[in-house]
1. Could you list, in sequence order, all residues of the stretch 254-287 that are of a type in the set (S, T, Y) and without any contact (Cβ under 8 Å) to a residue 60 or more places away in the chain?
2. Can you pull out every residue in the stretch 181-231 that is among the aromatic types (F, W, Y) and at pLDDT below 80?
3. Return only the number of the condition from (1) more than 17 Å from S302 (Cβ to Cβ); (2) over 17 Å from the mean Cα position of the chain (by Cα) that K202 does not satisfy.
4. Tell me, please, whether a residue that is among the charged types (D, E, K, R) and either over 29 Å from A187 (Cβ atoms) or at pLDDT below 80 (or both) can be found in the stretch 115-136.
5. Scanning for something among the hydroxyl-bearing types (S, T, Y) and buried (at least 21 other Cβ atoms within 10 Å of the Cβ), does the stretch 259-281 turn up at least one residue?
6. Against the definition (under 31 Å from the mean Cα position of the chain (by Cα), among the aliphatic types (A, V, I, L, M), outside the structural domain of K110 (by TED's automatic domain parsing) and part of a helix (DSSP H, G or I)), how does L82 come out, yes or no?
7. Name, by its number, the condition in (1) under 29 Å from the mean Cα position of the chain (by Cα); (2) under 22 Å from L271 (Cα atoms); (3) at pLDDT below 80 that does not hold for L59.
Amino acid sequence: MTTPTHIADKAPPSDAPLIDREAVRWYGARRQSALLMLVYAALILACVWSLVSAGDFTLGRKPWQNLMTTAGELSRPSFVDLWFGNTQLEYKSDDGQVLRVENQRASEAKFLSGLGSAIWTTLKIATLGSLLAAILGAPLGFLSAKNMHAPVAVAWLARRVLDICRSIHTLVFGLLIVGIIGLGPMAGILAIALHSMGTWGKLYAESIETLDMRPIEAVRATGASPVQVFLFAVWPALLPNFISNHLYIWEYNIRDSTVLGLIGAGGLGLLVSEAVSLFQWGRLATLLIAIVLMVVAFDALSRRIRAAVL
């Protein structure tokens, strides 16, 4: 009589095909990862070789001396002049003639007052630009999501619009819009919105594609219109991701909007441009501290909002 052990020895393992398939996938993924790493390494080598061959792989003349000089000038932010500034600072010509006398404390107080206004302008640009990006990007993200089954031509067009907006930098959009509507915060708002809608729409589409489709199909089976499917099935499931993505893009745009003043959109970027042009490194240090504090404060606020909602 054959024992159960012998029968088990002779019987082929039932999961052998499954194990073989998993092994093939594992080795295939490893080969693909190795190939991608080789391509990336080749790209790095090509970049370095191109810089070396063009003579651009250099830090310039006396880089450490220049670094120490700049660091020393930045180490004294101008806001300390509000308390320790010279009230009778004299500016003299080369021959020693006094050109003008300045009260540094009064001058710094005026600058800090303008800094507060610039921070508010930057916040307005980032806030309204992010909101407009959400309004413009949400429909395109919904249409480009594969599991929403939009018409092929419409889905293709929506994806291309998002790709184009995402690939053009905010500053480029800003230059174009300034040429159309002129200088001012509105140009910054539209530049932020047009670039961010590409990122916003893509994140929104990816969130939709990860949804559990069973509740959505159940609502669709009742004969609901696309708008009803969105309101009663898609939107409630997407709300946490919507809030998280919007906070992330909003935070990014606060940083991005600080440089839009370079092209005439106002805000902190305008003051940064003026400080760099006039070699006022103390003022620049004050501006950089203000930017860092603003971003850190918003990051802390957004974390608390995410923790409360998600």
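1. S273, S277
2. Of everything in the stretch 181-231, just one residue is among the aromatic types (F, W, Y) and at pLDDT below 80, namely F230.
3. All conditions pass for K202, except number (2).
4. No - not one qualifying residue is present in the stretch 115-136.
5. Within the stretch 259-281, none of the residues are among the hydroxyl-bearing types (S, T, Y) and buried (at least 21 other Cβ atoms within 10 Å of the Cβ).
6. no
7. (2)
Residue-by-condition table, conditions (1) outside the structural domain of G261 (by TED's automatic domain parsing); (2) farther than 18 Å from W281 by Cα; (3) of a type outside the set (G, A, S); (4) at pLDDT 80 or above:
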{"site": "A23", "(1), (2), (3), (4)": "yes, yes, no, no"}
{"site": "L45", "(1), (2), (3), (4)": "yes, yes, yes, yes"}
{"site": "G72", "(1), (2), (3), (4)": "yes, no, no, no"}
{"site": "T87", "(1), (2), (3), (4)": "yes, yes, yes, no"}
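The values are calculated or read from the model by the stated rules, or taken from the named source; none is laboratory data. All figures in this text were calculated on a predicted structure; none of them were measured in a lab. So basically every Cβ, Gly included, is an ideal-geometry build from the backbone, and we count neighbours across all protein chains shown.
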